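Read through the structure below, which is laid out as structure tokens, and then see the notes.
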């Protein structure tokens, strides 16, 4: 079983770059958990609000802002209804608010993607520093110090493997979260269309 002593031994053999990979990995996983929770909440509430809008017999989109924190409710909450005189005004305001909320919905996803691409590079950096250590030993003591050479080789291999092993789940999880976010955005756009349709029907009634 992997113990604390094994962890410290692994980090010691990996060198300074191993600690950088460890810290970056924790940052990535914290961001992933935070986005996972938020996107799942938005997904559930967006579907609820969309179904509520479909069931309404007359326009009442403003009421969503009072009891929900779904993306469509946040958009509706920011609309200036007194400035909406016809369909084009509503479409313009909805598009502006939708673009504004996009960055909030994405949150740290772009940062997670960057971290996922950086982790293999950090592993490669560890490989380079490990091989530099090996060549320094060879230059100073020749090939007669296999233990010191093994330390550099071990550092090179460990950091490379660690960077790849951590990057794979980070990139995969990021891909899954992006797909879920696209679903949230699709439902939000459908809700915007429902609001526009009901608003027009309400005004023409």
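The values are calculated or read from the model by the stated rules, or taken from the named source; none is laboratory data. Just so you know, these numbers come straight off a predicted model, no measurement behind them. So basically every Cβ, Gly included, is an ideal-geometry build from the backbone, and we count neighbours across all protein chains shown.
Is it the case, given these coordinates, that residue 161 is within 27 Å of residue 40 (Cα to Cα) and either at pLDDT 75 or above or surrounded by 15 or more Cβ atoms within 10 Å (Cβ to Cβ) (or both)?
Taking the combined requirement at face value, the residue does not satisfy it.
Report the residue count in the stretch 55-73 for those that are at pLDDT 70 or above and in contact with a helix residue (DSSP H, G or I) (Cβ under 6 Å, 6 or more places away or on another chain).
Here is the first cut: in the stretch 55-73, the residues at pLDDT 70 or above are 55, 69-73.
In the following step, the residues that additionally are in contact with a helix residue (DSSP H, G or I) (Cβ under 6 Å, 6 or more places away or on another chain) were identified as 70-73.
Selection size over the stretch 55-73: 4.
Considering only residues that are in a helix (DSSP H, G or I), in contact (Cβ under 8 Å) with a residue 12 or more places away in the chain and buried (at least 16 other Cβ atoms within 10 Å of the Cβ), which ones fall in the stretch 1-21?
13, 14, 17, 18, 20, 21
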